[in-house]
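The values are calculated or read from the model by the stated rules, or taken from the named source; none is laboratory data. Not measured: the values here are computed from a predicted model. Cβ coordinates were reconstructed from backbone atoms using ideal geometry, including for glycine residues, and neighbour counts include every protein chain displayed. We work out accessible area using only protein heavy atoms, side chains counted, and drop any ligands, DNA or RNA first. Shrake-Rupley method; radii C 1.70, N 1.55, O 1.52, S 1.80 Å.
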Amino acid sequence: MRIAKVTERISYIGVNDRRTALFENNWPIPYGVSYNSYIIKDEKNVLIDTVEYGSDGDFLCKIEAVLQGGSLDYLVVNHMEPDHSGMIRSVLAKYPQAKIIGNAKTFELMQKYYGISEENVMLVTDGQELSIGSGSLKFVFVPWVHWPETMVTLDVADSVLFSCDAFGGYGSLDGGIFDSDYNMDEMFLPEMRRYYSNIVAKYNQMVTRAITKLAGVPVKMIAPSHGVVWKENPAKVISLYSDWAASKAEEGVVIAYASMYGNTAGLADQIGAKLAECGIRNIRTYDVSRTNVSYILSDIMRYKGFILGTCAYNTFMHPMMEHLCNELRIMGPKGKVMGIFGTSGWNGAGAKALAKFAEEAKLNVVSPTVEAFGAPTAEKVNPSLEEFAKEFVQALKA
Ligand code: FEO
């Protein structure tokens, strides 16, 4: 049973999940994920969020071990998604006197998911402070980071911000719980970026609004509900999230293609080589049938340009490219330079479908589209790669 001290008053009682293959049954998590939960011990004892139901058989024992016979007075529900709210009913069954703290939207959702009765709840308003003895809690609403009811909670005495999904990332906590316990560049930062692109990027505007709103809140530590507790360098994660929410991109281009027999793949490599000749660095090329869309989205978020290519498939684009396009439609990348290419036997249906997608998604597409009928030999590629590269590089550098 793992319990760690965050401060003298605050204990970490989260859990690592290395069993789930796909987070939200959608996103691969080869390094696992943590569901973080915390207890503040004061005159009133407070549980901050729970964990996914069934992810930790010891969760209730951990609460008991930290409380050492004391009562549980409050359970703060920052976010109702079941990876954090899944143990609410179990906690209430063991501590029926505990009041659940949330906002009006929290309780709408709680009714729908768990049928919690009103006598168990305490509604708070945005900015409200609640004394818990020597310290107090302050609640700040950050709607749509990542559901409508989401809020964060500040432990005022220790200046620890419990931020739930915000400032979180994929990856289990394999040793310590703090950023200072890891070389963050190795796994956590790339996995945070992927988490952000997969889960949070759709809500960029709301993230920016939340960060602005939290700017005046004095924070010494950020304790999210996924990933490390930012003790050494909380400014770092705020800066990263600010940049990602503002769609700041690095120099580079993602080329993602769907290919049945290698022709579209061949054209993808030719495009990559031509862009490199033109001085473009950091070109990442992915076969959408091989690399999960989660990783491709992360790199599309990271770099300034992306180029999608598909073979024609039943008078449309390849289904695996359609999957990527659907996720891009949801993510809504901003400020990108996009290119399109395709191969087909007779009518260019794949490239046409990509162009239609880009128009509907309001993406900034560079003309011309590169196409080849059959094998993409130099004489059949139209227009020439030189012509495409010239326009694309110009747009990238604009
Ligand atoms: Fe980690 Fe939106 O739940």
With DNA, RNA and ligands ignored, accessible area of Ser134 (1.4 Å probe; Å², nearest 10)
90
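Please give me the summed charge of the neighbours of Thr20: other residues whose Cβ is under 11 Å from its Cβ, Lys and Arg +1, Asp and Glu -1. Walk me through the numbers before you get to the answer.
Working: positive: Arg18, Arg19; negative: Asp17, Glu24, Glu52, Asp83.
Once all neighbours under 11 Å are counted, the net charge is -2.
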Rounded accessible area of Thr343 (nearest 10 Å², 1.4 Å probe)
10
Using only the alpha-carbon atoms, what does segment 121-246 span along each of its principal axes? Please give whole angstrom values in decreasing order.
40, 31, 27
Rank Asp179, Asp185, Asp158 by accessible area, highest first, at a 1.4 Å probe radius?
Asp185, Asp158, Asp179
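For Glu379 and Lys138, calculate 0.36 nm times their separation in residues minus their Cα-Cα distance, and state this gained length in nm to one decimal. Show your work: numbers first, answer last.
Numbers: separation 241, 0.36 × 241 = 86.76 nm, distance 6.69 nm.
Once the chain is fully extended between Glu379 and Lys138, it gains 80.1 nm.
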Pop out the carbon and sulfur fraction of the accessible area of segment 251-397 as a percent, whole number, probe 1.4 Å.
50
Between the modelled labels at Asp126 and Ala235 (7 Å from Cα along Cα→Cβ) the distance in nm is 2.8
Please list, by residue number, every one of the GluC sites (Glu not before Pro) in segment 297-398 that is coil in DSSP and has at most 10 other beta-carbon atoms within 10 Å.
Glu379
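Can you list the GluC sites (Glu not before Pro) in segment 16-122 that are in a DSSP coil and have 15 or fewer other beta carbons within 10 angstrom?
Values: sites: Glu24, Glu43, Glu52, Glu64, Glu108, Glu118, Glu119; in loops: Glu24, Glu43, Glu52.
In loop regions of segment 16-122 (DSSP not H, G, I, E or B), the sparsely surrounded GluC sites (Glu not before Pro) are Glu24, Glu43.
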Over the chain, what relative contact order in percent results from Cα pairs under 8 Å that are six or more residues apart?
11
Largest first, please: the extent of the C-alpha atoms of segment 24-130 along each principal axis, to the nearest Å.
40, 33, 26
Å² of accessible area per residue within segment 251-397, as computed with a 1.4 Å probe and no ligands counted:
45
With point charges of +1 on the Cβ of Lys and Arg and -1 on the Cβ of Asp and Glu, referenced to the Cα centre of segment 169-265, which listed residue (Ala256, Gly176, Asn204) lies farthest in the positive direction of the dipole?
Asn204
Considering only Ala245, Ala349, Ala215, give the residue with the highest GNM mean-square fluctuation for the chain, with springs between Cα atoms whenever their separation is below 10 Å.
Ala215
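Under a 1.4 Å probe, what is the accessible area of segment 4-245 per residue, stated in Å²?
Working: 9370 Å² over 242 residues.
Result: 39 Å² per residue.
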Hey, if we sort Met338, Met184, Met1, Met260 by accessible area with the 1.4 Å probe, largest down, what's the order?
Met1, Met260, Met184, Met338
Filtered hits (aspartates and glutamates, Cα-Cα < 18 Å from Lys380, offset >= 8 within chain) -> Asp269, Glu371
Degrees between helix 319-331 axis and first principal axis of the chain (Cα, 0 to 90, nearest 10):
50
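Under a 1.4 angstrom probe, counting protein chains only, how are His226, His318 ranked by accessible area, largest first?
On the way: His226 0, His318 25 Å².
Most to least solvent-accessible, the answer reads His318, His226.
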Overall dimensions of the chain by Cα: Rg and Dmax, Å
24.1, 80
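Net charge near Val156, counting Lys/Arg +1 and Asp/Glu -1 over other residues with Cβ under 9 Å of its Cβ?
Numbers: positive: Lys138; negative: Glu129, Asp155, Asp158.
Overall, the nearby charge balance is -2.
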Please give, to one decimal in nm, the separation of the simple spin-label points placed at Thr291 and Gln394, each 7 Å out from Cα toward the Cβ.
2.8
Positive dipole terminus of segment 50-102, leading residue within His84, Leu60, Ala98 (C-beta point charges)
Ala98
Given segment 4-245, what count of lysine pairs have C-alpha atoms under 17 Å apart, with each pair 8 or more places apart or on different chains?
16
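Expressed as a whole percentage, what fraction of the accessible surface of segment 4-245 belongs to carbon and sulfur atoms when a 1.4 Å probe is rolled over the protein heavy atoms?
Taking all protein chains in place, segment 4-245 shows 50 percent carbon and sulfur surface.
To the nearest 20 Debye, how big is the dipole of segment 11-60 about its Cα centre, given +1 on the beta carbon of each Lys and Arg and -1 on that of each Asp and Glu?
Details: 4 positive and 8 negative charges, 24 e Å.
Once rounded to the nearest 20, the dipole reads 120 debye.
How large is the charge dipole for segment 338-398, taken about the Cα centre, if only the Cβ atoms of Lys, Arg (+1) and Asp, Glu (-1) carry charge, to the nearest 20 debye?
Details: 6 positive and 7 negative charges, 29 e Å.
Here segment 338-398 has a charge dipole of around 140 debye.
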In whole angstrom, how far apart do the alpha carbon centroids of segment 29-68 and segment 124-191 sit?
14
Using only the alpha carbons of segment 251-397, what is the convex hull's orientation-averaged projected area in square nanometres?
7.3
Mind telling me which of Leu47, Leu130, Leu297 comes out most flexible in a GNM of the chain, alpha-carbon contacts under 10 Å?
Leu130
Spin-label point model (7 Å from Cα, Cβ direction): what's the Glu8 to Glu360 distance in nm?
6.0
